[in-house]
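**Q** I am attaching a structure below and will ask some questions about it afterwards.
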Amino acid sequence: MTTLTWITTKDTAPLLRAALRAAFPGVNFSVRMNRGSSHGWLNVSWADGPTYSVVGELCSRYEGSRFDGMDDGYHSVPSSLVAFAGEELPREVRFSCRGVATTRTIGPAGWAAVIEILNDAQPGVARLRSDGQGLEPGRLSVETTQKLDLEQCVDDVAYAAVRIHSQIDFTH
């Protein structure tokens, strides 16, 4: 008979941080616990690096339940078999974490890549703001939105930059 081990949200944070570091060496992740009405949740943030979907897949392994907007409730996730460092055999664990929210920001490498893509498609359209935290205002032509396979309503340079950045994996 196996014994089920419950892992608190506080104890999940360092486990998730270690898993992210192992999966994506060189990427700096922040893993923090929420407080107040969002207690039981973890926030994961990073700049550039892997895409949302890749990080989200890894993070989902550390959730004990998931929020379902269709019925406005939480649903339990089955327990997992986990082999921790120094253990030969895995044990059955259940995470108390109610969810993991992810935030990916655009860092220096991201801005450089996005500016290059935009300016290759429409020369001179993308310029970094003087504070380095975004792009100067600008509009893309219809031809550029088509060339970059953006929706036609995505003509704002800053919005297009975010869409383009979300598709780039900086770990390869």
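The values are calculated or read from the model by the stated rules, or taken from the named source; none is laboratory data. This structure is a prediction, so every number in the text was calculated from the model and none was measured. Cβ placement follows ideal geometry from the backbone for every residue including glycine, while neighbour counts extend to all protein chains displayed.
**Q** Hey, any hits in region 155-171 for a residue that's hydroxyl-bearing (S, T, Y) and either farther than 30 Å from R66 by Cα or touching a strand residue (DSSP E or B) at 6+ places or on another chain (Cβ under 7 Å) (or both)?
**A** No; the residues of region 155-171 include none that is hydroxyl-bearing (S, T, Y) and either farther than 30 Å from R66 by Cα or touching a strand residue (DSSP E or B) at 6+ places or on another chain (Cβ under 7 Å) (or both).
**Q** I would also like to ask the following. Please find, among R91, R21, the residue that is out of contact with any Lys or Arg (no Cβ under 8 Å at 6 or more places or on another chain) and at pLDDT 95 or above.
**A** R21
**Q** Now, a different point. Hey, can you tell me all the residues within region 46-62 that are assigned to a loop (DSSP other than H, G, I, E, B), hydroxyl-bearing (S, T, Y) and over 17 Å from Q167 (Cα atoms)?
**A** Correct list: Y62 only.
**Q** When you go through (1) at pLDDT below 90; (2) in contact with an Asp or Glu (Cβ under 8 Å, 6 or more places away or on another chain) one by one for G110, which number turns out not to apply?
**A** Only one criterion is unmet by G110, namely (1).
**Q** Hey, any hits in region 26-45 for a residue that's assigned to a helix (DSSP H, G or I) and either in the same structural domain as E143 (by TED's automatic domain parsing) or surrounded by 13 or more Cβ atoms within 10 Å (Cβ to Cβ) (or both)?
**A** Within region 26-45 (the criterion being assigned to a helix (DSSP H, G or I) and either in the same structural domain as E143 (by TED's automatic domain parsing) or surrounded by 13 or more Cβ atoms within 10 Å (Cβ to Cβ) (or both)), the answer is yes, since at least one residue qualifies.
**Q** Same structure, new question: Considering each residue of region 118-153, count those that are buried (at least 18 other Cβ atoms within 10 Å of the Cβ) and not polar (S, T, N, Q), and give that number.
**A** Residues in region 118-153 being buried (at least 18 other Cβ atoms within 10 Å of the Cβ) and not polar (S, T, N, Q): 6 in total.
**Q** A follow-up question, please. Given (1) modelled with pLDDT of 95 or more; (2) touching a strand residue (DSSP E or B) at 6+ places or on another chain (Cβ under 9 Å), identify the lone condition not met by E116.
**A** That leaves (2) as the condition not met.
**Q** Let me ask something additional. Can you confirm whether L81 is under 24 Å from T171 (Cβ atoms) and either in a strand (DSSP E or B) or in the same structural domain as A160 (by TED's automatic domain parsing) (or both)?
**A** no
**Q** Then there's this: Looking at this structure, is S79 in contact with a strand residue (DSSP E or B) (Cβ under 7 Å, 6 or more places away or on another chain) and not hydrophobic (A, V, I, L, M, F, W, C)?
**A** Yes.
**Q** Let me ask something additional. Scanning for something farther than 28 Å from N43 by Cα, of a type outside the set (S, T, N, Q) and either outside any helix (DSSP H, G or I) or touching a helix residue (DSSP H, G or I) at 6+ places or on another chain (Cβ under 7 Å) (or both), does region 103-119 turn up at least one residue?
**A** yes
**Q** Among the residues of region 50-99, write down those that are farther than 22 Å from R32 by Cβ and among the small types (G, A, S).
**A** Listed by number, the residues that qualify are G69, G73, S76, S79, S80, A83, A85, G86.
**Q** Still on this model: Answer yes or no: is there a residue in region 55-66 that is without any contact (Cβ under 8 Å) to a residue 12 or more places away in the chain and outside the structural domain of Q133 (by TED's automatic domain parsing).
**A** Yes, region 55-66 has at least one match.
**Q** Being surrounded by fewer than 13 Cβ atoms within 10 Å (Cβ to Cβ) and part of a loop (DSSP other than H, G, I, E, B) is the requirement here; does E88 meet it?
**A** Answer is yes for this residue.
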